[in-house]
Amino acid sequence: MALIRWYDRDLEPVGTFDWLQRQINDLFDFPRFPETQGLFDRRVSPAIDVIEHPDSFSVECDLPGIDQKDIDISIASGVLTIKGEKKTEQKSENRKVYKKETWEGSFQRTISLPSVVDADKVEASFSNGVLRITLPKRDEAKTKRIELKSK
Amino acid sequence: MAKDVEVRKEREKEQVRFIRPFCFICEEEAGVVTLKLEMPGVGKDQLDIDVDGNELQITGKREAGSGEGTYLMKERPSGTFRQVYTLDDTIDHNKIEANLEGGVLTLNLHRRESEKPRKITIKPS
């Protein structure tokens with residue numbers, strides 16, 4: 001039996017980095033630089049969150065302005081791939097562009113999945129420009145509650 | 001150490017981080033300035049667009065996550081989208097059209113009639 005080290009949720013590495021990242025980002029929120037973004041805010045390809053729940057994983061991805069039919073999600077040998085293309089239409093030839101911070105074109109993000117994910121039961125939904133993928137764990141990997149028997 | 005965590009948690013509860021949405025501003029046809037703001041996760045009900053004097057204020061609240069679970073990866077910024085623009089006199093403050101689709105807010109700002117380019121024809125004498 002493998003022993004797993006006890007850890008505090010608030011002291012876990014990702015949480016700590018997240019906090020540090022927020023602190024550094026907040027430096028950029030200083031009003032003297034109103035036009036700057038947080039240093040670590042992703043802007044060249046979609047940002048992804050991966051969250052672990054007791055019986056599933058969920059992946060959330062920001063895909064604003066992308067058509068549902070242009071998104072392609074696949075799982076092959078334990079790797080989740082989100083592919084797609086962001087298209088923008090240009091109505092007239094001689095348009096004047098004042099400011100452009102958004103990107104367009106094709107993108108691809110891959111995530112290696114732990115072996116406990118049941119690839120057959122993966123579900124995905126898309127609303128308001130946010131893609132949510134639910135990856136359930138296999139039954140044997142789910143956290144089980146052990147009932148105490150009273151004598 | 002545990003006390004630090006408590007203090008930090010308390011502080012974070014009070015703070016709301018404003019995220020500035022990425023913008024795309026262009027003038028597709030003369031007289032209409034199109035402003036596009038990427039606000040993924042914002043629905044129609046969570047969006048506020050106000051014109052206050054010559055300020056255009058846009059605030060969009062993201063759907064809050066369940067808050068459960070452990071983050072293994074976190075790249076999406078959390079907070080409230082907010083951006084304030086100053087409208088100049090060439091923009092008609094009463095003629096602003098807004099449309100929210102797929103996490104992108106599109107605002108069409110019309111220029112005032114008096115600011116539009118006019119052609120002056122010479123009368124034949």
Cut-off under 5 Å, modelled amide H: who pairs with residue B:91 long-range
B:112
Distance between the stretch A:61-131 and the stretch B:79-125 - C-alpha centres, whole angstrom:
31 Å
Within a 10 angstrom radius of each residue's Cβ in A:73-86, how many Cβ atoms of other chains show up on average? Whole number is fine.
0
Using 0.36 nm per residue of separation minus the Cα-Cα distance, give me the extension gain between residue B:120 and residue B:30 in nm, one decimal.
30.7 nm
Other protein chain Cβ atoms within 10 Å, averaged over every residue that makes up B:21-34
5
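All of the numbers you see were taken from the coordinates with simple rules; none came from a lab. Everything quoted here is computed from the prediction, not taken from an experiment. Every residue, glycine among them, receives a Cβ derived from its backbone with ideal geometry; neighbour counts consider all protein chains shown.
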